[in-house]
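Below is one structure, written out as structure tokens, with a few remarks after it.
The values are calculated or read from the model by the stated rules, or taken from the named source; none is laboratory data. Fair warning: this is a prediction, and the values are worked out from it, not measured in the lab. Virtual Cβ from ideal backbone geometry, glycine too; neighbours counted across all protein chains shown. These accessible areas exclude ligands, DNA and RNA; they are computed on the full protein's heavy atoms, side chains included. Shrake-Rupley method; radii C 1.70, N 1.55, O 1.52, S 1.80 Å.
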Amino acid sequence: MKVFNTLSGQKEEFLPHGDVVKMYVCGVTPYDDCHIGHAMSYIIFDVIKRYLQFRGYKVKYVQNITDIDDKIIDRANQLGISTRELAEKFTDSYRADMKALNIIEPDETPRATGEIPKIVEIIQGLIDKGYAYPAQGSVYFRVRNVPDYGKLSHRTLESMMTGESSVGSDDKESPMDFVLWKATKPGEPSWESPWGPGRPGWHIECSAMSLKYLGDTLDIHGGGQDLVFPHHENEIAQSESFTGTTPFVKYWLHNGLVQLGKDKMSKSLGNLITIRESLERYSPDAIRIFILSSHYRSPLTYSEEALEATERGVDRLRQAAHEEGEGAIEEGIDIEPYRNRFTEAMDDDFGTPQALATLFDLAREINRANEEEYNATEARETLKELAQVLGLTLKAQELPTIDIEPLRQLLISINDRLLEAKLKGIPIDRLPDDVESLMELLTSTRSGLRDAKLWQLADEIRVKLSEIGIALEDTPQGTAWKYKR
Ligand SMILES: [Zn+2]
């Protein structure tokens with residue numbers, strides 16, 4: 001099995017350090033809803049974990065939650081709630097999104113604010129070894145003491161000097177140095193430390209949590225390509241300086257970024273599509289297949305047209321997985337070539353596009369076998385098994401459930417009133433006022449059904465109303481109603 005290692009810039013044979021593959025992926029900063037960029041990264045590393053397990057490895061997967069950060073503080077202030085409330089709200093929404101996308105929960109999801117003692121211990125250790133220094137209640141990492149700094153991002157010193165990490169405080173010895181502990185500012189949440197009250201910097205959190213939960217040597221560290229510099233470069237500097245063990249990570253894996261048109265999908269450009277918005281339109285299987293049909297290191301362009309086409313493709317897979325046409329003619333499909341193609345593709349740096357193509361070819365053969373009434377039971381089981389390695393459930397799509405009981409009651413009520421009016425000989429244009437409000441409710445419910453493309457239910461309402469003497473007219477301005485004379 002070969003994986004592309006950002007550290008060496010090439011594909012390498014995958015040889016884990018111990019019996020259990022230790023895997024760490026940078027997690028979310030829960031200050032807003034997750035977008036498709038998050039879906040891409042977490043689906044890819046979910047598939048990598050699933051594939052390693054399929055190949056017989058035991059895997060321990062850790063993913064952190066950065067629940068204290070400038071963005072969290074700013075947003076909480078805007079909303080007038082505590083940072084804790086904000087982080088909890090969006091951590092819940094992140095968990096719901098991951099579940100909906102069929103992403104297996106990591107073995108550990110430590111939160112930064114829950115790991116302050118470990119963070120303080122590492123910072124103190126770095127100070128003791130001369131790799132860090134306190135200044136004005138903050139603590140900075142001394143980059144010049146790490147001769148191989150830049151080995152992951154393959155950057156020159158000049159390009160790193162002009163990078164965003166060089167911006168900042170006058171308290172630093174060098175513009176290259178980065179913050180490990182931030183002295184508290186008025187109104188900000190803070191924790192006690194040997195250097196005074198403050199909070200951890202972002203980079204040190206990931207070093208602390210990976211060292212605590214996985215030990216000094218990780219097999220796989222993942223994240224988006226935008227994290228290579230400075231975040232992952234700094235994680236290496238911190239971790240290797242603290243433990244004295246090199247390498248901190250054997251294989252650095254980075255996924256490409258999601259684009260919308262020619263632009264990167266990002267909060268600052270305001271072109272984000274949230275996971276929830278996408279799930280309202282497409283099934284989780286379609287979203288996964290869409291993401292996995294590009295190689296994980298390539299950029300992915302989000303496109304509604306491509307997703308719609310993918311949804312139709314998923315239907316073919318679902319049909320093959322569920323069609324119970326266990327034909328009488330016994331002619332098993334030879335599944336070995338499919339298994340081999342799948343494994344070869346995935347063994348080559350997780351070639352999901354080719355792995356998916358194999359599943360579609362197998363599905364085509366199963367669907368043909370069904371038509372010709374050949375038996376395809378074993379092939380169907382193989383399809384489901386391999387689909388699961390990519391996290392695809394191939395479940396039949398659930399139709400939206402609608403409680404029609406209130407609607408039925410409404411119709412009965414209108415019917416009763418009309419009947420009553422007729423019996424008492426009341427002229428029909430002098431009905432009680434509440435019929436008006438009932439009709440308003442009913443027509444707006446019906447247009448809701450039409451917007452949801454539930455034509456049959458909407459039509460049923462029109463027919464039922466017609467039966468009790470009310471005619472509906474759909475106009476561009478909305479739906480009007482009148483009594484039929
Ligand atoms: Zn990280």
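What to note about this one:
- On a per residue basis, segment 179-321 carries 37 Å² of accessible surface, using protein heavy atoms and a 1.4 Å probe.
- With every protein chain in place, the chain: carbon and sulfur % of accessible area (1.4 Å): 49 percent
- Extent along the principal axes, Cα only, for the chain: 97, 69, 36 Å, with the longest axis given first.
- Nonlocal amide H pairs with residue 7, under 5 Å, H built at 1.01 Å: 252
- Segment 57-185, Rg to Rh (Cα coordinates; Rh as Kirkwood inverse mean 1/r): 1.03
- For residue 132, the amide hydrogen comes within under 5 Å of the amide hydrogens of 127, 142, counting only partners 5 or more places away or on other chains and with H modelled in the peptide plane.
- Cα gyration tensor, segment 147-248 - rounded (a/c under 1.5), prolate or oblate: oblate
- Segment 280-413: C-alpha gyration tensor shape, a/c 1.5 cut-off, then a/b vs b/c: oblate
- Segment 312-386 - Debye-derived log10 I(q)/I(0), Cα point model, q = 0.16 Å⁻¹: -0.52
- Working note: Karplus 6.51/-1.76/1.60 with θ = phi - 60° gives segment 222-232 the couplings x, x, x, 4, 6, 9, 4, 10, x, 4, 6 Hz, where Gly and Pro are set to x.
- Residue-by-residue Karplus 3J(HN,Hα) for segment 91-98, coefficients 6.51, -1.76, 1.60, Hz, glycine and proline x: 5, 4, 5, 4, 4, 5, 5, 5
- Using a simple spin-label model with pseudo-atoms 7 Å out from Cα toward Cβ, residue 79 and residue 185 lie 2.0 nm apart.
- Rg/Rh for segment 1-100 stands at 1.08; both radii use Cα atoms, and Rh follows the Kirkwood definition.
- Electrostatic dipole magnitude of the chain [Cβ: Lys, Arg +1; Asp, Glu -1; Cα centre; debye, to 20]: 840 debye
- Positive end of the dipole of segment 316-380 (Cβ unit charges, origin at the Cα centre): among 370, 333, 353, the Cα lying farthest that way belongs to 353.
- Helix-only arithmetic for the chain: the sum of -39500 (n - 2.57) across DSSP H runs with n ≥ 4, divided by the residue total, places the mean residue ellipticity at 222 nm at -14500 deg cm²/dmol.
- Dimensionless Rg/Rh of segment 234-281 - Kirkwood Rh, Rg from C-alpha atoms: 1.25
- With protein chains left intact and a 1.4 Å probe, residues in segment 444-485 average 68 Å² of accessible area per residue.
- When you filter the trypsin sites (Lys or Arg not before Pro) in segment 15-73 for DSSP loop state and at most 15 other Cβ atoms inside 10 Å of their Cβ, you are left with 55.
- Dividing the alpha-carbon radius of gyration of segment 282-342 by the rule-of-thumb value 2.2 N^0.38 Å gives 1.47.
- Formal net charge of residues neighbouring residue 94 (Cβ-Cβ distance under 13 Å; K, R +1; D, E -1): -2
- Net charge over other residues, Cβ less than 11 angstrom from the Cβ of residue 372 (K, R count +1; D, E count -1): -3
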